[in-house]
Amino acid sequence: SAALATIDQPAISLAVALDHPVDVKPFRDTLLDEFFGRYEMFLQAGFGLIRGEFLQRCHFVGQSIEVRGPAGACCGTAVDIAPDGALLLQEASGQTRQITIGEMFPATDASWS
């Protein structure tokens with residue numbers, strides 16, 4: 001769509017991904033219901049409440065990635081998500097780094113499949 005062309009980062013819309021229009025109001029209402037349905041439990045239990053579900057959806061775990069953050073870029077294999085939500089990245093040196101902020105990209109020779 002024309003709106004996607006105005007975004008300076010890679011982007012996709014739900015309509016493009018699903019190959020049909022998405023009615024914003026029902027989508028928004030369902031999203032908010034799902035979010036706030038467990039919000040209070042999340043505030044009490046923290047990331048551990050959703051860690052298992054989150055890991056099931058992390059297609060990048062086990063993949064070679066690059067992370068660009070405030071301290072610069074680093075590369076390695078995404079090995080896990082820590083109980084507090086930090087990404088555990090094993091660098092080529094064998095050292096494991098905990099990353100709490102940054103943008104992830106597939107390593108130049110890696111695949112997200």
- [ ] Send over the per residue convex hull volume for segment 39-80, Cα only, as a whole number of Å³.
- [x] 97
- [ ] Rounded to whole Å and sorted largest first, list the principal axis extents of the Cα atoms in segment 1-58.
- [x] 42, 25, 19
Open item on the list: Using the Kirkwood radius over C-alpha pairs as Rh, can you work out the diffusion coefficient of the chain via Stokes-Einstein at 20 °C, viscosity 1.002 mPa s, in µm² per second?
Closed with: 128
Open item on the list: Sort Thr30, Thr6 by heavy-atom solvent-accessible area, probe 1.4 angstrom, most to least.
Closed with: Thr6, Thr30
Task: Acute angle (nearest 10 degrees) that the helix 24-37 long axis makes with the longest principal axis of the chain, alpha-carbon atoms - done: 50
- [ ] Roll a 1.4 angstrom probe over the protein heavy atoms and tell me the percent of accessible area of segment 1-99 that is carbon or sulfur.
- [x] 58
- [ ] With a probe of 1.4 Å, find how much accessible area segment 45-90 has per residue, and write the answer as a whole number in Å².
- [x] 53
TODO: Using packing as a proxy for protection, rank 64-70, 98-104 so that the peptide with the highest average count of other Cβ atoms within 10 Å comes first.
DONE: 64-70, 98-104
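The values are calculated or read from the model by the stated rules, or taken from the named source; none is laboratory data. This is a predicted model, so every value here is computed, not measured. All Cβ positions, glycine included, derive from the backbone under ideal geometry; neighbour counts span all protein chains shown. Note: areas computed on protein heavy atoms with side chains; ligands, DNA, RNA excluded. Shrake-Rupley method; radii C 1.70, N 1.55, O 1.52, S 1.80 Å.
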